[in-house]
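Colleague: One structure is given below, represented as structure tokens, and several questions about it will come after.
The values are calculated or read from the model by the stated rules, or taken from the named source; none is laboratory data. Since the model is a prediction, treat every value here as computed from it, not as a measurement. Neighbour counts run over all protein chains shown; Cβ positions are idealised from the backbone, glycine included. For the accessible areas, the whole protein counts, side chains as well, though only heavy atoms, and no ligand, DNA or RNA atoms are used. Shrake-Rupley method; radii C 1.70, N 1.55, O 1.52, S 1.80 Å.
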Amino acid sequence: ATGWRGTTRIAAGDVDLWTQIVLSNQDNLLKTLMKYQQSLSQFVDAIEKQDVRQIRNWFTQAKERRDAVES
């Protein structure tokens, strides 16, 4: 339950505040979202093609990023 709560924290916040935060960080946010969109598109493609190597690579990279945050 705490994981779900953490992932919905922004949605539970003040709409006007988060709107201003987004607009104040527009350039960085758009750049990051575009990278994420590209990554998700590649992941979808790998799933559609049943490309086991690419799917495993996607999860391996995600784990490495997650582990780096913990250290």
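Colleague: Tally time: how many residues in the stretch 15-48 are among the acidic types (Asp, Glu) and surrounded by 10 or more Cβ atoms within 10 Å (Cβ to Cβ)? It would help to see each step written out before you state the result.
Modeller: First, pick out the residues of the stretch 15-48 that are among the acidic types (Asp, Glu): 16, 27, 45, 48.
Still in the list and also surrounded by 10 or more Cβ atoms within 10 Å (Cβ to Cβ): 45.
Adding up the residues that qualify gives 1.
Colleague: With a cut-off of at least 1 residues that are on the phi < 0 side of the Ramachandran plot, at pLDDT 90 or above and of a type in the set (Phe, Trp, Tyr), name the helices (runs of 4 or more DSSP H) lying wholly within the chain.
Modeller: 15-24, 26-49, 52-70
Colleague: What are the residue pairs meeting all of these: first residue in the stretch 27-46, first residue within 19 Å of PHE59 (Cα to Cα), second residue open to solvent by less than 90 Å² (accessible area, probe 1.4 Å), Cβ atoms under 6 Å, and 6 or more apart or on different chains?
Modeller: PHE43/TRP58; ALA46/GLN54; ALA46/ILE55
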